[in-house]
Amino acid sequence: MRSYQIEDLTEESIRRIETRLTELGLRGSLDGIYYLPVPAELLDAEQKAHVETCGPHIMALEVIDGGRLKLELLVRGRGPLRCSCIAYATPAQRERMIDFLDQLIRELDIAV
C-alpha cells in the first residue's frame, strides 16, 4: 500500500488532530480512522461516472499508536468494497490530500 506518513507526534498533538478531524465530520466508523473526501473536481473519469453508486470517494487517514498518521494514497468509494473505480491517487489527488493534511497540522500549530 502506498501511503504518506507523519511520525513522532506527541500524544497531545494527536489528540488535537483527532479533535479537529471529528469537528470537520471526517471520523470513520472505527476508532482512529478518518475519511478525507476527494474533491469532485479531482476525480478521474471513472470515479466521476461512479459517484452515484460508489461515492463519495475518499482517502483513509489512520491514527496509529506511537504518534503516527498514515494517509493511504488509495482513492476508494464509501459504497461497494470492490469496484474498478478504486485506484491509487492521481498526482493531483495525492498533492491535494497531502496539502490538506499538512495545512491542518500547520493550522493547529503542531511542530513536525
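For helix 91-107, report the angle its Cα long axis makes with the longest principal axis of the Cα atoms of the chain; keep it between 0 and 90° and round to the nearest 10°.
30
Sort the following peptides by mean Cβ neighbour count (other Cβ atoms within 10 Å, averaged over residues), highest first: 17-23, 34-40.
Values: 17-23: 15.0, 34-40: 18.0.
Going from most to least packed, we get 34-40, 17-23.
What percent of all Cα-Cα pairs in the range 33-112 falls into each 5 Å bin, going from 0 up to the bin containing the maximum distance?
3, 15, 25, 23, 16, 9, 5, 3
Using only Cα atoms, find the angle between the long axis of helix 11-23 and the longest principal axis of the chain, and express it within 0 to 90 degrees, rounded to the nearest 10.
40
Where a number appears in this text, it was derived from the coordinates with a stated rule and is not lab data. It should be emphasised that the depicted structure is a prediction, and the values quoted were computed from it without experimental measurement. Glycine gets a Cβ as well: all are built from the backbone with ideal geometry, and neighbour counts include every protein chain shown.
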